[in-house]
1. At what distance in nm do the modelled label points of LEU146 and THR248 sit from each other, each positioned 7 Å from its Cα along Cα→Cβ?
2. What accessible area per residue comes out for the chain, rounded to a whole number of Å², with a 1.4 Å probe?
3. Leaving ligands and nucleic acids out of the surface, order THR233, THR427, THR248 by accessible area at 1.4 Å, largest first.
4. What is the pair-distance distribution P(r) of region 1-52, computed from all Cα-Cα distances in 5 Å bins starting at 0, with each bin given as a whole percent?
5. Give me the number: length gained by fully extending ASP293 to ARG57, i.e. 0.36 nm times residue separation minus the C-alpha to C-alpha distance, one decimal in nm.
6. Taking the full set of protein chains and a 1.4 angstrom probe, give the accessible area of TRP384 in square angstrom, rounded to the nearest 10.
7. Suppose R0 equals 22 Å; then what is the FRET efficiency for LYS68 and HIS345 from their Cβ-Cβ distance, rounded to the nearest 0.05?
8. For ARG65, ARG137, ARG344, write out the residues from largest to smallest accessible area, computed with a 1.4 angstrom probe and no ligands counted.
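The values are calculated or read from the model by the stated rules, or taken from the named source; none is laboratory data. Quick caveat, the model's predicted, so the values are computed rather than measured. Here the Cβ positions follow ideal geometry from the backbone for every residue, glycine too, while neighbour counts run over all protein chains shown. Areas reflect the complete protein model, heavy atoms only, side chains present, ligands, DNA and RNA absent. Shrake-Rupley method; radii C 1.70, N 1.55, O 1.52, S 1.80 Å.
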Amino acid sequence: MKNILIVGGGYVGMYTALGLRRLVRRGEATVTVIDPRGYMTYQPFLAEAAGGAIEPRHVAAPLERVLKHARVLTGRVTRVDHFTRSVEFQPAQGPARVVGYDILVMAAGSVSRPMPIPGLAEHAVAFKTLGEAVHLRNHVLERIALAASTDDPAVRDEALSFVVVGGGFAGVEALAELQAMADDAVRRHPELKPRWLLVEATGRILPELDGTLGEWTVEALTRRGVEVHLNTTLTSAEGGLVVLADGTRLQAGTLVWAAGVKPNPLAQASDLPLDRAGRIKATEYLTVEGVPDAFTAGDGAAVPDLTKPGQFTAPNAQHAVRQAKHLARNLAAYVRGRELKPYRHAYLGSVAGLGHHQGVAQVYGVKLTGFLGWLAHRAYHLGWVPTFSHKAKVLGNWTLAMLFRREAVQLSGIEHAGDDFRAALETAAPAPAGTPR
């Protein structure tokens with residue numbers, strides 16, 4: 001019986017394990033999944049979770065509950081030694097240990113791609129994880145509450161200045177949903193005028209969509225008061241002062257970094273072959289190039305795009321889910337000694353939600369904008385949400401959002417839950433000697 005180890009519990013890891021449950025008979029193989037968080041995040045709904053349209057827990061699927069047939073280990077893989085068929089596993093607490101396997105699936109995905117920009121590490125927040133999405137929601141609402149409570153114009157202007165760097169899906173959707181939430185939050189404060197800036201290094205946004213849809217999105221955001229800076233980069237954020245290459249300067253209370261991703265650094269801590277970008281070299285069969293008993297897919301893999309010779313598949317959710325399902329079939333065939341099939345995809349299209357019941361979509365060649373684009377975005381992604389219970393919860397969130405205004409309550413205190421208790425301890429007077437306790 002083969003022991004299959006899947007490193008990473010995101011799209012590729014979770015959907016591969018789900019596929020193996022249906023395809024591999026009992027006694028043929030065991031499946032172990034290692035992930036640092038223990039849950040899979042449905043990335044396309046991060047923006048709606050940040051904007052309060054969806055409860056954050058409803059876009060996270062607990063791996064132990066979804067993968068009841070598999071062994072799930074929560075912690076980090078710090079080293080992959082495929083020569084000895086083992087990885088070094090570091091749980092959240094306690095000593096590291098070695099986990100062995102027969103067949104490896106590398107599905108560690110990607111991480112935010114930072115740049116050596118002064119002040120970026122100190123003042124920016126990335127937009128890649130559920131924790132970052134929740135933090136941004138609380139932070140934006142906290143900034144608005146600060147602006148509504150101060151008489152200092154400089155403090156107010158800084159609090160109400162929001163800059164998002166990155167014009168891809170993550171950056172555009174994050175800005176759009178956060179702005180929609182902020183518009184609801186300032187409804188009772190007409191004197192507050194939030195300032196939103198979108199910064200993109202190239203000449204267009206949403207590059208995976210047709211150029212006309214990107215242009216429509218720029219126009220839609222501009223009508224909502226967003227300042228879109230194309231062909232512009234962030235040059236400094238020292239002291240919270242945002243400086244752009246086009247000469248724009250402003251003291252911003254919020255800086256969101258959504259300017260792309262890079263392969264998980266874990267690939268560098270392995271003996272697997274990598275390309276110049278740090279991705280694991282893959283074949284069209286989703287095996288690791290030149291390495292037996294090793295498979296890979298997703299954002300951290302250089303998977304050949306058979307529909308575009310010489311190119312690789314894009315690091316997006318559509319490819320990750322479809323590669324995972326194909327990978328599960330190839331793994332089942334590999335365990336049984338059968339022939340593997342190459343991964344070839346047909347482009348389904350892409351969609352983006354822009355808040356305020358607006359969106360853009362390009363599905364099977366059909367282009368939609370505005371309300372129809374928004375509906376297409378929601379219908380498309382709802383179909384991919386894992387498990388029936390999560391689909392029902394997301395649909396319930398949307399239904400309630402149509403009937404009632406979203407709750408603009410900032411819960412930033414949960415990020416520093418012990419502060420009040422520590423403050424109480426510091427100010428507590430010592431009890432007089434002999435006082436009964």
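1. 2.0
2. 48
3. Final ranking, largest accessible area leading: THR427, THR233, THR248.
4. Percent of Cα pairs in each bin: 5, 18, 23, 18, 14, 9, 6, 4, 2, 0.
5. 81.4 nm
6. For TRP384, solvent-accessible area is about 60 Å².
7. 0.15
8. Largest accessible area first, the residues go ARG344, ARG65, ARG137.
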